[in-house]
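Colleague: Next up is a structure, given as structure tokens.
The values are calculated or read from the model by the stated rules, or taken from the named source; none is laboratory data. Note that the structure is predicted; figures quoted are calculated from it, not measured. Using ideal geometry, Cβ is built from the backbone for each residue, glycine included, and neighbour counts are taken over all protein chains shown.
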Amino acid sequence: MTIKAVVFDWGGTLTPWHNVDLFELWLGYSNVYDPENAKELAEVLNHGEQARWSRQFETNGEVGTGVLDELFHEAGVDTSSPLHSKALENYLSGWDPHTYTDPDAIELLEGLRGRGIKTAVLSNTMWPRRHHEAVLERDGVLHLFDYLLFTSETPAGKPHKSVFADVLYNLDIEPKNAAFVGDRLFDDIHGAQSIGMKGIWIPHSNIPASQSSDLGITPDATVQKLSEVMNVVLDWSNQ
Ligand SMILES: [Mg+2]
């Protein structure tokens with residue numbers, strides 16, 4: 001067997017897991033957009049976000065994450081206003097301390113590519129592509145990926161087979177020649193295995209109980225650090 005592509009989850013995988021207070025982050029938005037009703041608005045946005053994560057999980061990714069604009073429209077936000085742009089910027093920059101790429105990523109990605117192995121990101125996210133790309137660019141890793149797929153641009157989300165298939169189609173790689181690295185047994189490992197990819201699990205994230213299931217899911221490999229992925233891939237390729 002030869003591994004010709006490695007696809008990575010983003011949050012909790014390329015970016016180490018942080019426990020974040022989502023309500024606090026939404027306050028960063030609503031304090032700018034509507035200071036007088038900041039708490040109420042943050043509650044509505046936070047609730048809308050949680051509902052989307054639950055829906056994505058409960059439908060096995062058939063209904064994906066959607067986009068931030070859906071939350072804003074539900075909350076009665078005027079997304080064409082300059083105030084909204086400013087508030088959104090404040091919200092996203094509130095996430096900055098939690099988005100830094102694992103320092104091990106560069107060496108791993110360069111190592112894989114140096115061996116002719118393609119690399120990609122597949123992330124369940126409501127954020128726009130431009131924000132994700134800016135974060136990866138900030139950390140000097142954007143150019144190290146052959147393909148990026150964000151579920152803010154797809155109808156489905158992980159673990160639905162269609163998003164894994166989309167990535168492999170664009171990489172022009174068969175599932176049997178591809179590995180997925182992720183921190184969620186259900187979304188990442190089960191999803192990847194369901195189309196015939198190998199699943200490499202990094203088990204250090206504090207996944208909310210409402211978004212997790214490990215029933216009968218066995219990763220093909222478990223690693224403690226991103227830097228251990230290379231040896232797993234080389235071992236499989238030598239078998
Ligand atoms: Mg993750």
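Colleague: Give me the residue from region 68-109 that is in contact with a Lys or Arg (Cβ under 8 Å, 6 or more places away or on another chain) and over 29 Å from P175 (Cα atoms) and, out of that set, surrounded by the most Cβ atoms within 10 Å (Cβ to Cβ).
Modeller: Applying the filter and picking the extreme gives L71.
Colleague: Hey, any hits in region 117-132 for a residue that's surrounded by fewer than 16 Cβ atoms within 10 Å (Cβ to Cβ) and in contact (Cβ under 8 Å) with a residue 60 or more places away in the chain? Reasoning before the result, please.
Modeller: Residues of region 117-132 surrounded by fewer than 16 Cβ atoms within 10 Å (Cβ to Cβ): 129-130.
Imposing the further condition that a residue be in contact (Cβ under 8 Å) with a residue 60 or more places away in the chain reduces the set to none.
The answer is no, given that none of the residues of region 117-132 is surrounded by fewer than 16 Cβ atoms within 10 Å (Cβ to Cβ) and in contact (Cβ under 8 Å) with a residue 60 or more places away in the chain.
Colleague: Considering region 203-239 alone, what residues qualify as being at pLDDT below 85, more than 14 Å from the ligand (Cβ to nearest atom) and either in a strand (DSSP E or B) or surrounded by 16 or more Cβ atoms within 10 Å (Cβ to Cβ) (or both)?
Modeller: S213
Colleague: Identify, from the list L112, L25, the residue that is buried (at least 17 other Cβ atoms within 10 Å of the Cβ), more than 16 Å from the ligand (Cβ to nearest atom) and within 17 Å of V229 (Cα to Cα).
Modeller: Numbers: L25 fails: within 17 Å of V229 (Cα to Cα).
Going through L112, L25 in turn, the sole match is L112.
Colleague: Scan region 1-22 residue by residue and report those that are within 16 Å of the ligand (Cβ to nearest atom) and either part of a helix (DSSP H, G or I) or modelled with pLDDT of 95 or more (or both).
Modeller: Residues of region 1-22 within 16 Å of the ligand (Cβ to nearest atom): 6-20, 22.
Correct list: V6, V7, F8, D9, W10, G11, G12, T13, L14, T15, L22.
Colleague: Please name all residue pairs, on different chains or six or more residues apart, with Cβ atoms under 8 Å, provided the first residue is in region 45-62 and is without any contact (Cβ under 8 Å) to a residue 40 or more places away in the chain and the second residue is surrounded by 15 or more Cβ atoms within 10 Å (Cβ to Cβ) and not in a helix (DSSP H, G or I).
Modeller: Note: pairs meeting the criteria are L45/A75; G48/A75; R55/V63.
Colleague: Before we move on, is E40 assigned to a helix (DSSP H, G or I) and farther than 19 Å from H18 by Cα? Spell out the reasoning first.
Modeller: Values: assigned to a helix (DSSP H, G or I): yes; farther than 19 Å from H18 by Cα: yes.
So E40 passes the test.
Colleague: Name the helices (runs of 4 or more DSSP H) wholly inside region 56-149 in which the number of residues that are within 15 Å of the chain's Cα centre (by Cα) is 2 or more. If you could, list the steps in order and put the result at the bottom.
Modeller: Working: elements: 68-74, 82-94, 105-114, 129-138.
Hits in region 56-149: 129-138.
Colleague: Take L142 and tell me if it is in the same structural domain as T125 (by TED's automatic domain parsing), free of Cβ contacts under 8 Å to residues at least 24 places away in the same chain, within 14 Å of N60 (Cβ to Cβ) and surrounded by fewer than 17 Cβ atoms within 10 Å (Cβ to Cβ). Spell out the reasoning first.
Modeller: Working: in the same structural domain as T125 (by TED's automatic domain parsing): yes; free of Cβ contacts under 8 Å to residues at least 24 places away in the same chain: yes; within 14 Å of N60 (Cβ to Cβ): no; surrounded by fewer than 17 Cβ atoms within 10 Å (Cβ to Cβ): yes.
No.
Colleague: Any idea which residue in region 179-202 is farthest from the ligand (Cβ to nearest atom), counting only those that are farther than 20 Å from T151 by Cα and hydrophobic (A, V, I, L, M, F, W, C)? Write out each step before concluding.
Modeller: First, the residues of region 179-202 that are farther than 20 Å from T151 by Cα: 196, 198, 200-202.
From the residues that got through so far, the ones that are hydrophobic (A, V, I, L, M, F, W, C) too are 200-202.
On the way: I200: 13, W201: 11, I202: 9 Å.
Only one residue fits best here, namely I200.
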